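K.L.:
Let me begin by handing over the structure; questions about it come next.
The values are calculated or read from the model by the stated rules, or taken from the named source; none is laboratory data. What you see is a predicted model; the values in this text were computed from it and never measured. Cβ coordinates were reconstructed from backbone atoms using ideal geometry, including for glycine residues, and neighbour counts include every protein chain displayed. The area values use the complete protein model at the heavy-atom level, side chains included, leaving out ligands, DNA and RNA. Shrake-Rupley method; radii C 1.70, N 1.55, O 1.52, S 1.80 Å.
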Amino acid sequence: MPNVLFLTSLATETAALLTQHAPAGYDVAVHPIDLPHEQQIGLVRDADFLILFPGVISDAVLRSAANLKLIQLVSAGFDRVNVALCRELGIPVANNGGANSIDVAEHTLALILAFYRRMGEMDHNVRHERWKAIDSGATTYTIHGKTAGLIGLGQIGRRTARLLAAFGAVVLYYDPYPAPPAVEQELGVRRVELDELLQQSDIVSLHVPLNEATRGIINARTLARMKPTALLVNTCRGPVVDEQALIAALQQRQIAGAALDVLEQEPPDPANPLFQLDNVLLTPHIAGVTYDTWPRRGEFIFANLQRVWNGEAPLAVV
């Protein structure tokens, strides 16, 4: 049976929620991902499969992996793995196949609702004896009737589209790879070009991988296309947004606000100007992380490993 190496930052109890899905006979060795490279090299030499969370591995460790049949990521993002080198070495890399798409889509919706209904301020005011300090009738909003524009219509984008449609939003999307007409019809979405999406949308939500095509896709030029009443939501990767351009747009009230789960630098510099703005809502890159996500991810991961062990092609190859 296969030897599986799992390098992770997860606590032992959390990692066990994934590894419990390993088929009988699998030898799964779980080690901290911050082990020195020399130790990682020694461990990976005899591994048939490598599971990573977070998805970080050095080139030196990759080059020492003589027997790897698959690198399986626990996350959706793959921007910190040298995919080109893996291709050169003949090692396929797979992400989680959308196993955390439920969690990210729900978090996206939560960010929109929290911003629109000013939840953080409301909670603060109630705790400090300011029962109705906010005129909610003049300064809070509903998703119903708004136009939501999704940049990226992968697994997460599609789940987000369903949630927004259920709240009564009109949903547009931009993706260089159009969804099949049957999918568009089922989701009730319409594809438009990026500029049209930015100009029409009350909510712009980002659901793309980080690569050269998407890095800085939200920048001074694209921000200038957005409505002054628009909300920008980012639950994918920080660098898809030019953060300095966003800060300037927020400071000048060029757009209404931003709800961000990810930033260019993580953890961020305490002096980040975003922290001083009242039209920003922040969470610490946790959109895809819930207690319920780990069993879903574990089930997909070990089913994918078993496919490869059986001689089949892996799913969700990046």
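K.L.:
Could you check how many residues of segment 299-317 are touching a strand residue (DSSP E or B) at 6+ places or on another chain (Cβ under 6 Å) and open to solvent by 50 Å² or more (accessible area, probe 1.4 Å)?
P.N.:
Residues flagged as touching a strand residue (DSSP E or B) at 6+ places or on another chain (Cβ under 6 Å) and open to solvent by 50 Å² or more (accessible area, probe 1.4 Å) within segment 299-317 amount to 1.
K.L.:
Another question, if that's okay. Return the only residue of ARG221, ARG237, ARG296, ARG225 being without any contact (Cβ under 8 Å) to a residue 24 or more places away in the chain and either at negative phi or buried (at least 19 other Cβ atoms within 10 Å of the Cβ) (or both).
P.N.:
Selected residue: ARG221, the only one of ARG221, ARG237, ARG296, ARG225 that is without any contact (Cβ under 8 Å) to a residue 24 or more places away in the chain and either at negative phi or buried (at least 19 other Cβ atoms within 10 Å of the Cβ) (or both).
Okay, residues lined up against (1) under 25 Å from ASP103 (Cα atoms); (2) touching an Asp or Glu at 6+ places or on another chain (Cβ under 9 Å); (3) not charged (D, E, K, R):
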position: ILE218; (1), (2), (3): yes, yes, yes
position: THR222; (1), (2), (3): no, yes, yes
position: MET226; (1), (2), (3): no, no, yes
position: ARG237; (1), (2), (3): yes, yes, no
position: VAL241; (1), (2), (3): yes, yes, yes
position: ALA245; (1), (2), (3): no, no, yes
position: GLN251; (1), (2), (3): no, no, yes
position: ALA258; (1), (2), (3): yes, no, yes
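K.L.:
Quick one: in segment 254-278, of everything that is farther than 24 Å from ALA105 by Cβ and part of a helix (DSSP H, G or I), which residue is most open to solvent (accessible area, probe 1.4 Å)?
P.N.:
Going through the qualifying residues, I end up with GLN276.
K.L.:
State the number of residues belonging to segment 69-82 that are open to solvent by 30 Å² or more (accessible area, probe 1.4 Å) and either assigned to a helix (DSSP H, G or I) or touching a helix residue (DSSP H, G or I) at 6+ places or on another chain (Cβ under 6 Å) (or both).
P.N.:
Number of matching residues: 2.
K.L.:
Ok, one more. When the residues of segment 83-107 are filtered to those that are small (Gly, Ala, Ser), in a loop (DSSP other than H, G, I, E, B) and touching a helix residue (DSSP H, G or I) at 6+ places or on another chain (Cβ under 8 Å), which remaining residue is surrounded by the fewest Cβ atoms within 10 Å (Cβ to Cβ)?
P.N.:
By that ranking, first place goes to GLY98.
K.L.:
Looking at segment 125-148 only, could you name the residues that are open to solvent by 80 Å² or more (accessible area, probe 1.4 Å) and either assigned to a loop (DSSP other than H, G, I, E, B) or touching a His at 6+ places or on another chain (Cβ under 9 Å) (or both)?
P.N.:
HIS128, GLU129, ARG130, TRP131, LYS132, ASP135, TYR141, HIS144 - these are the residues of segment 125-148 that are open to solvent by 80 Å² or more (accessible area, probe 1.4 Å) and either assigned to a loop (DSSP other than H, G, I, E, B) or touching a His at 6+ places or on another chain (Cβ under 9 Å) (or both).
K.L.:
Within segment 41-61, track down each residue that is more than 25 Å from GLU299 (Cα to Cα) and open to solvent by less than 20 Å² (accessible area, probe 1.4 Å).
P.N.:
The one that is more than 25 Å from GLU299 (Cα to Cα) and open to solvent by less than 20 Å² (accessible area, probe 1.4 Å): VAL61.
K.L.:
Filter segment 183-218 for residues that are more than 24 Å from HIS144 (Cα to Cα) and open to solvent by less than 70 Å² (accessible area, probe 1.4 Å) and give the result.
P.N.:
VAL208, PRO209, LEU210, ASN211, THR214, GLY216, ILE217, ILE218
K.L.:
Looking at LEU281, is it open to solvent by 10 Å² or more (accessible area, probe 1.4 Å) and in a strand (DSSP E or B)?
P.N.:
Yes: the conditions hold for LEU281.
K.L.:
Right, here's the next one. Would you be able to say whether some residue in segment 277-284 is more than 20 Å from ARG159 (Cα to Cα), touching a residue at least 40 places away in the same chain (Cβ under 8 Å), touching a strand residue (DSSP E or B) at 6+ places or on another chain (Cβ under 6 Å) and aliphatic (A, V, I, L, M)?
P.N.:
Taking every residue of segment 277-284 in turn, at least one turns out to be more than 20 Å from ARG159 (Cα to Cα), touching a residue at least 40 places away in the same chain (Cβ under 8 Å), touching a strand residue (DSSP E or B) at 6+ places or on another chain (Cβ under 6 Å) and aliphatic (A, V, I, L, M).
K.L.:
Are there any pairs with C-beta distances below 7 angstrom linking a residue in segment 185-211 that is touching a residue at least 40 places away in the same chain (Cβ under 8 Å) to a residue that is part of a helix (DSSP H, G or I) and open to solvent by 70 Å² or more (accessible area, probe 1.4 Å), with the two at least 6 apart or on different chains, and if so which?
P.N.:
Here the result reads LEU198/ARG225, each pair linking segment 185-211 to a residue that is part of a helix (DSSP H, G or I) and open to solvent by 70 Å² or more (accessible area, probe 1.4 Å).
K.L.:
Sort through ALA110, ALA29 and tell me the only one that's among the small types (Gly, Ala, Ser), under 14 Å from ASN3 (Cα atoms), modelled with pLDDT of 95 or more and open to solvent by 30 Å² or more (accessible area, probe 1.4 Å).
P.N.:
Just one listed residue meets the conditions, ALA29.
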